[in-house]
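J.: Questions regarding the structure given below will be posed in turn.
The values are calculated or read from the model by the stated rules, or taken from the named source; none is laboratory data. Model, not experiment: these values are computed from the prediction. Neighbour counts run over all protein chains shown; Cβ positions are idealised from the backbone, glycine included.
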Amino acid sequence: MDDLYRELIIDRYKNPQYRGHLDPFDIAFEDDNPLCGDHIRVELQVGQDGKISQARFDGHGCAISQASADLLVESIIGKTIEEIRNLGKSYILDLLGIELGPVRLKCALLSLKVLKAGVFGLGYIDEELID
């Protein structure tokens, strides 16, 4: 089963479905992981109903960071801001479907940290938002 998820990660890294920019966007935030240099920007359009109508990411980095960003952005379309605020690291791990060590976990969680910092309107990434 791990091989299937590894193939998904490589495919999403090489062929991201949600990479790009939105014009206009309602929420945007970007940051990087200083330990490895991964960088992620997330842009969201929020509908009148409070649900995410469009979402995109851009950035560079390892396969884990880029694949998790693509999978996360895909999965939040149609969710409310409140639902996004309640997402935690287990959500990302379930999307990826593989066990990760501490270093790779930071890579995988970068997109969630960026997303939540944008949704909470923070000018920084608060590590406690993803637990």
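J.: Given the conditions (1) within 14 Å of the chain's Cα centre (by Cα); (2) modelled with pLDDT under 95, report the number of the one that residue 17 does not fulfil.
T.: If we test residue 17 against (1) within 14 Å of the chain's Cα centre (by Cα); (2) modelled with pLDDT under 95, just (2) comes out false.
Residue-by-condition table, conditions (1) out of contact with any strand residue (DSSP E or B) (no Cβ under 6 Å at 6 or more places or on another chain); (2) touching a residue at least 40 places away in the same chain (Cβ under 8 Å):
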site	(1), (2)
48	yes, no
58	no, no
64	yes, yes
82	yes, no
117	no, yes
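J.: In the set 10, 77, 27, which member is crowded, with 17+ Cβ neighbours inside 10 Å and either hydrophobic (A, V, I, L, M, F, W, C) or free of Cβ contacts under 8 Å to residues at least 40 places away in the same chain (or both)?
T.: Values: 10 fails: crowded, with 17+ Cβ neighbours inside 10 Å; 77 fails: crowded, with 17+ Cβ neighbours inside 10 Å.
So the residue among 10, 77, 27 that is crowded, with 17+ Cβ neighbours inside 10 Å and either hydrophobic (A, V, I, L, M, F, W, C) or free of Cβ contacts under 8 Å to residues at least 40 places away in the same chain (or both) is 27.
J.: Also, quick follow-up: Give me the strands (runs of 3 or more DSSP E) completely within the range 25-131, filtered to those with at least 2 residues that are of a type outside the set (Lys, Arg) and in contact with a Leu (Cβ under 6 Å, 6 or more places away or on another chain), ordered by residue number.
T.: Hits in the range 25-131: 39-46, 52-60.
J.: While we're on this one: Within the range 26-61, track down each residue that is among the hydrophobic types (A, V, I, L, M, F, W, C) and within 18 Å of residue 113 (Cβ to Cβ).
T.: Hits for the range 26-61 are 27, 28, 29, 35, 36, 40, 42, 44, 52, 55, 57.
J.: So in the range 98-112, with the set limited to residues that are under 18 Å from residue 11 (Cα atoms) and under 15 Å from the mean Cα position of the chain (by Cα), which one is surrounded by the fewest Cβ atoms within 10 Å (Cβ to Cβ)?
T.: So the residue we want is 104.
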